[in-house]
There are 2 protein chains.
Amino acid sequence: MRTLFWVLILCFAMNPDVSAQSSSTQFNLMPMPARMNVGTDQLPITEGFSVAIGGYKEPRLSHAVERFLRGVALRTGLPVRIQVAEVGKATLEIHAERASKHVQDMNEDESYVLDVNGTNAKLSAENPLGILHGLQTFLQLIEITPTGFVARAVHIEDAPRFPWRGLMIDVSRHFIAMDTLKRNVDGMTAAKMNVLHLHLSDNQGFRMESRALPKLVTTGSDGMYYTQEEMRDLIAYARDRGVRVVPEFDMPGHSTSWFVGYPGLSSGPGSYQIERRWGIFDPAMDPTREETYKFLDKFIGEMAEFFPDSYFHIGGDEVNGKQWDQNPKIQQFMRTHNIKNDEALQQYFTLQVEKIVSKHHKIMVGWDEILEPGMPQDIVIQSWRGQDSLAQAAQQGYRGLLSSGYYLDAMTPASQYYAVDPMSNADARLTPEQKKILGGEACMWSEFISDENIESRIWPRAAAIAERLWSPQQIQDVDSMYRRLGAMSLELEQIGLRHRANPELMLARMAGTESASPLRTLARIAEPAGLSVREKEAESAGGIQTSETALNRMVDAVAPESAVARQFTRAVEQFIASNFKDADAEAYIREQLTMWRDNNERLQPLLQSSYLLKEVSPVSQDLSALGAAGLQALDYIDKAQTAPDSWHSQQLAAVQAAVAPTADLTVAVAPTVQKLIDASAVPKR
Amino acid sequence: MRTLFWVLILCFAMNPDVSAQSSSTQFNLMPMPARMNVGTDQLPITEGFSVAIGGYKEPRLSHAVERFLRGVALRTGLPVRIQVAEVGKATLEIHAERASKHVQDMNEDESYVLDVNGTNAKLSAENPLGILHGLQTFLQLIEITPTGFVARAVHIEDAPRFPWRGLMIDVSRHFIAMDTLKRNVDGMTAAKMNVLHLHLSDNQGFRMESRALPKLVTTGSDGMYYTQEEMRDLIAYARDRGVRVVPEFDMPGHSTSWFVGYPGLSSGPGSYQIERRWGIFDPAMDPTREETYKFLDKFIGEMAEFFPDSYFHIGGDEVNGKQWDQNPKIQQFMRTHNIKNDEALQQYFTLQVEKIVSKHHKIMVGWDEILEPGMPQDIVIQSWRGQDSLAQAAQQGYRGLLSSGYYLDAMTPASQYYAVDPMSNADARLTPEQKKILGGEACMWSEFISDENIESRIWPRAAAIAERLWSPQQIQDVDSMYRRLGAMSLELEQIGLRHRANPELMLARMAGTESASPLRTLARIAEPAGLSVREKEAESAGGIQTSETALNRMVDAVAPESAVARQFTRAVEQFIASNFKDADAEAYIREQLTMWRDNNERLQPLLQSSYLLKEVSPVSQDLSALGAAGLQALDYIDKAQTAPDSWHSQQLAAVQAAVAPTADLTVAVAPTVQKLIDASAVPKR
C-alpha cells in the first residue's frame, strides 16, 4: 500500500477551496465540511464499485446505500450494481454505531467521519443520520479525470453548525404537488438540510386533510389538498432521507380558509369565501370563546397525533385586529379580563393554544409575534422580523430560528443570503448559555410561485443558506460559493429537480416554438425586479394579482439571479482593474455587448407574435441600447479618448431605463455596463 | 354567432400544411389528420377552459379529460381547473357513443370528429379510443398568438390508416425501468401509437416474473425484472391511454436466460450463465422432448392469463441450429420423423407452440422465420427481413407487420423511416382481400441503449413512423414532417420525456462541469456512425462490448440525427441554388463555419481533462479543419475565383477524415461542407 501524504486543509480559513500542490483542481463540496485533510491518492470509481454495511443495520441504511449507488451510476454512467455488498469486500464500508431515534430529533448527532484512500473508503457515524450526510459528501467527491472517475483521498470530520436547517414551503397560496415536494426533499438531502416546514393553511387555502374536521379541506381548498395517506407517504420519504416534517397551521390570523367551512370560529359575522387576493386580511379566530379552543383542541389533537415531529408550528403572524375591534362581545371580554389591546388579546390566545399544543405532547413554534411574557421557555421563535428580534428572544432564554434574510421569494442573490448569519448580531452579546439559536429556515412564500417554477425559485440558491447553516461560520468566500453552487445546480438537475428544465419549457411556451435562442439571450440577462415591484405594478395595472392569475410570464420564468450578469460583471471589473489592458477580458466583453446590441432586431418579430412576450419588447430594446452604449465606451477606452460629458449623460439615461422595472423585470447587466460607461468618461492621462 | 368561412384543406395533397389566406402560420399536428377543413375563427383558450363528457361515460374518459386539462395547463401556463365540467356549459364537449371493448382490440374503431369554432368545440367518436386520439389533436391545436392562446376553428375527420401502430422495446439486452416505459407510453399516446410490444426475454435477461416458474427471473435476470404487480400497473396505465401491451418471449433461440434456471429445456449439455455478449448464440430449446412443451404450456398458460391482449409474440428469429446439430438424440428424432433440416425442425417446434398459444386463446405473432407451410391463417408475421417478405406473407393470406426499415437502433434519420411504407411493395401486387398488412412497429433493440438514453433514441424519430402508420399514404412532405417533428419534440419534453434532458446531463458528466458550450457545439454536429461501425470497432478494439459495458461515451449522448447539420445543409443548398447571391444564407453559413473552426481551440483543454472525452479530440480537430476549409471555399466564391485543384483535393481529404468514423462518431456536416468546397472549385464564368 502506498504511503499517503496528507495535506491539512483548514476549512475555516478564508478560502475553503483546495488549491495546494496536492491537487490541481478544487473540490465541489457543498456545504463545505467542518474539517478536511486532503491526500495525494485517488480512489478509482469503476463499475465494480460497491458498498457494505458494517455495524448497526436497518432498512433505512439499505435504502440509503441503494439510492447512493444509483447516485454513483448517475454521476458516472457506469453500470454499478444496485445492491448492498458483503462486509470486507466493498469499496466503501459504512458503519453506524447505533440506531437514531424512532422520531428524528433536533438534538441527534448528525456528524460523520469519511476516509477515502487509494483503494477503499470508510464512512463512520454515531447513527444513520451521519451516514446519510456522509454519503452525500462522497457523491460530491466523485469527479472525472483523464484516467477515469475518482474520489480523491480525504479525511473528513464533519458536523453541522446548527441543528435546525430548514426549508419552509408555503403550499397554501399556491398548491404544490406531492411529487414536487418530494423533489424538494431530494434537493434538501443533497444540501444536508433537515427540516421541511410546510405552511399548510392560510387565507388562500387549507391543504391538509383533517378527518375530525373534514370541511377544512372540502370547503377550504378548491379540492387541492393532501390526503392523510399522501402526507404519511411524504413523511416516510423525508424520514428515510433524514428530513423532519414540521407542519404549520397559521392562527389566529391568516385563517380565512378555515372559516369557509367553520364560520363560527371567526371573530366576525357572516359567511366566508376562500381568499383569492394577497395581503393581510381582517378575519381572525375568536380568542374569547370556549368553542374556539374546543375546536382547536380537536384539530391540534388530530394533527399532533398524525405528524410525528415533536414541533408544531402555529404561525401567529400578522393579525390586524380589525375583527376583534369590531366585535362588541370581544371588546366586552377584553374589558372584563383587563386585556388592554389586541396584542394582549393575541397573547391570551397564544397562551391558550400553547397549553393545547403541550397537552398533545408537542413543542410550539411560531413567528416573532408569539413571543410575549408568560410563554413557557421551551417554545421556539421563528424570526421573520430580523436578527435583532432573534437575539432579543435568545437573551430572554427562548430558542430561535432565523428566517429574516432568507426569504427566497424576495429574489435576492445567493451572495446576499450567504452573508446573513443567524449569530451575527447575537454572537457578541450572548453568553454561551444564551446561545439558543437553533439555526434557520429558507422561506418560499408562494404568492407568485407555481408548481411549475417553485424549484427554480428555491434551487440552487437555498444551498447557499444550507451552507451558512451547516459549515463553520468563517467559510465566507463568495466566489467559491458561486462556483460550488454551479456544481450543486448540476447535481440537483441530475437527481431530477426541474429548476432548469421548467423555465426553459416556459420560454418555449411563450415563444410557441422550440428554437428561441435570442429569447434565451434576453431571459438570461433579465432578473425579476423584486416582490414589492411586482405587487405595486399588479395593483397599478388596475387588475389585481390573485391566486387565480396565470404565472406564465417572462418574470415567472427568468432565474432569480442572472449568472450571465455575474460573469460579465467579473470580466468588466477585471478589465478595469487591469487598467484596460486585459485583452481576453475585453474580447469577452465585446462579444457579449455585440450579441446584446444585435439581439433585439432578431427577437422583435417573435416578441410581437406572442401576447406573453409583447410586454418584454421594451426590455429587449433597453438591452440593445446598453450593448451599443457599452461598445461605444469600449471604443473610447481603446482609443484612449475621454468620452464627452454629453455622451456620458445620454448613456446614463439608457442605463436608467434598463434598471427601471419593465414587465416586472430589470436588466441585470445594466449597472455593470454603467461601470464601463463611467470608466470611458474618466479623463485619461 | 359569426358566420364561419371554411377553407377546405386536402390533407392528401403533397404538402399537408395550411398556408392559404385563412391562416398565416402552419399547423403543428402530428400525425396529420386524414381530413381537415380550416375556418377563420379562433377559439380563445383561457383559464376558464373546461371540458364536459356527454354521451357514454366511464372512468377512463374522466381520467383522459383530467390528463387533457393538465395538458392544456402545461401548454398555456393558465390555471385551468382540473375537473370535468357540466354538459352544456363547457368549452369542449366530448361525446362517445358507447364503450370500447373490455380488452382493447385491434379492430376497434379509432376514428373521431373534432369541431372547433370561435366559441366552443365538440369531439365525437364511436368509442373512447377515438376520444383519446381527438384530445391529443386538440392539444396540438393550441397555439400562442398576439392576443392570447387559441385553437383555430377546424373540422377534422380522422382515422388511422393502419390498426397496428407499435413500438417494440427490447428490455432484455438492457433493462428499462418501469417509469421509463411509462414515459414512452406517454410519448406513444401523443403520437397516436397503440401497441407497446415488450421484448421480455432474450439471451441477456429474462425480465418478466413467472410465479409458476420462478427461476426464470431469480436466476435469469440479475435481479432486474418486472414483478407481476408492476406489469399489471403498466398494462392498466397503457389501457387508460389506448395502448395495448403485447408481450414477446423469444423461442426457441435467443433463450440462454431461460436455461440458467432450467437447463433441461435446452438442446445442449451442461449449465448456463446469463449471456453478456451480443450476437447470435447456439443455445436453443429442445423441440424433440415432450417436457419442453409441458414447460411451455405451463409458462404460456400463465402469461396468456396474465397479459390481457389477444396477441402473444413468440419471437422465433435467428436460430443457428448448432445445438440441434450436435445433439445425437435430436438428430435421431429428426431422422425418425423425417425432418430434413433445422428449418423444418423449427417449423415443427413452432407448430407445437402455436397449438399451445391457441389452446390458451391467444393469437400467435412471430418474426419472419415462423412463417412455414401448415401454419394457421390467423397468426401474424412481424417482418424484420423487409417489405418483400411481408408482401409474400400477405399473398399467402397471412397478416403482417412491418418492422424492417423501422429499426431505431440503426440511428437512421427520421426522413428515412418516413419514406418506408408498409404497402409500398405490396400495394401494386395485392388484391384488396390480400391486403393483410396490419401496420408496423418501430423497434428499439437495446445492445447500445440504456435506461438513460433510450428516450433520445426513440423520440422524436418514432413519431415520423407513427405518422406513416396513421396518416394518409400521400402525406410525404419531408420538410413539413421535420418542422412538425420539432414541435412534437417540444411537446414530448413538456409532458416529461427525457429525450433532450438526459443527453445534456450526459455531456455535463463527461465534461465534469455544467458550462460546456463548446462541447455542445461539437455534440450537435456529430452523429453515431451506425450500429455496424460500433460493433466492428468494439471488436477490433480488443475489448468486447457486453451488457456490462458503460454507455456513457459521446456516441451514447449525441442525437441520432443532427438538427444543426440539417439546417446547415439547407442553407448551403439554398446558397448554391441562388448562384451564391443569397446573402442571408451566406452570413449564416459563415457564422457556423467560423464557430466550428474556432471551437477546437476552446475545447481541447476540456477534452484532455476527461477520460471520456479524449477519444473525441480527433473529431473536434476534424470539425475545425472543415470549418477552415469551408471558409476558404466561401472566400474563393466571394472573389469569383476558381479554387485550385491542389487545394480542392487537399480539402477533400479533410472531408474524408471527418466522415470516417472516429470514436464511433461521424461529423454530420462534412458532406455539406464538401458541397461548398466542390462549388468553389467549379470554373467560374
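The values are calculated or read from the model by the stated rules, or taken from the named source; none is laboratory data. Please read these numbers as outputs of a predicted model, since none were measured by experiment. Here Cβ is always computed from backbone atoms with ideal geometry, including for glycine, and neighbour counts include all displayed protein chains. Protein only, heavy atoms only, side chains kept; ligands, DNA and RNA dropped before computing areas. Shrake-Rupley method; radii C 1.70, N 1.55, O 1.52, S 1.80 Å.
Some values worked out for this structure:
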item	result
Cut-off under 5 Å, modelled amide H: who pairs with B:Ala85 long-range	B:Val51, B:Ala52, B:Ile53
Per-residue average of Cβ from other chains inside 10 Å of B:222-228	1
Calculated from backbone phi, Karplus (6.51, -1.76, 1.60) coupling profile of region A:215-223 in Hz, x at Gly/Pro	5, 3, 9, 5, 10, x, 10, 6, x
Minimum 30 Å² accessible area buried by the other protein chains, region A:136-158 residues, probe 1.4 Å, relative to alone	A:Ile144, A:Pro146, A:Phe149
Sorted peptide list for B:382-391, A:342-351, criterion being average Cβ within 10 angstrom, highest first	B:382-391, A:342-351
Cα→Cβ-extended label distance, 7 Å offset, between B:Arg277 and A:Asp635, nm	7.0
Antiparallel DSSP beta bridges within chain B, as percent of all bridges there, nearest 5	40
Highest average packing first - A:294-302, A:484-492, Cβ atoms within 10 Å	A:484-492, A:294-302
Fraction of beta bridges assigned by DSSP in the protein assembly as shown that are antiparallel (%, nearest 5)	40
For region B:487-641: accessible area per residue (Å², 1.4 Å)	41
Span from the region A:572-638 Cα centroid across to the region B:628-676 one, whole angstrom	34
Semi-axis lengths (Å, descending) of the ellipsoid that matches the C-alpha gyration tensor of region B:436-582	28, 23, 17
In sequence order, calculated HN-Hα J values of region A:397-409 (Karplus, 6.51, -1.76, 1.60; Hz; x Gly/Pro)	x, 8, 7, x, 10, 8, 10, 4, x, 10, 7, 6, 6
Inter-copy separations for A:Gln656, label at 7 Å along Cα-Cβ, nm, ascending	6.7
Residue-count net charge about A:Ile356 - beta-carbon cut-off 11 Å; Lys, Arg +1, Asp, Glu -1	+3
Computed label-point distance, nm, for sites B:Arg483 and A:Asp109 using a 7 Å Cα→Cβ extension	6.9
Vicinal HN-Hα couplings computed from phi for region A:245-256 (Karplus, 6.51 cos²θ - 1.76 cosθ + 1.60; Hz; Gly/Pro x)	10, 10, x, 10, 10, 6, 7, x, x, 6, 9, 3
Buried solvent-accessible surface, both chains (B, A), 1.4 Å probe, Å² to nearest 100	2900
Highest-first arrangement of A:95-104, B:256-265, where packing means the average Cβ count within 10 Å	B:256-265, A:95-104
Shielding of B:476-489 by partner chains, average beta-carbon count, 10 Å	1
Averaged over B:451-464, number of beta-carbon atoms from partner chains that fall within 10 Å	0
Three-way shape label, region B:351-473, alpha-carbon gyration tensor, a/c 1.5	oblate
Sequence-separation-based contact order of chain A, relative, with Cα cut under 8 Å and 6+ spacing, percent	11
Residues along region A:497-531 losing 30 Å² or more of accessible surface when the other protein chains are present rather than the chain by itself (probe 1.4 Å)	A:Arg498, A:Leu505, A:Arg509, A:Glu514
7 Å along Cα→Cβ, label-point gaps from A:Ser578 to other copies, nm, shortest first	3.8
Rounded percent of accessible protein surface that carbon and sulfur make up, the protein assembly as shown, 1.4 Å probe	51
Rg/Rg_globular for the protein assembly as shown, with Rg_globular taken as 2.2 N^0.38 Å and Rg from C-alpha atoms	0.98
Cα centroid separation, region B:494-508 to region B:344-382 (Å)	41
Under-5 Å amide H pairs with B:Gln382, H placed in peptide plane, nonlocal only	B:Gly366, B:Trp367, B:Asp368, B:Leu401
Surface per residue (accessible, 1.4 Å probe) for region A:196-330, Å²	34
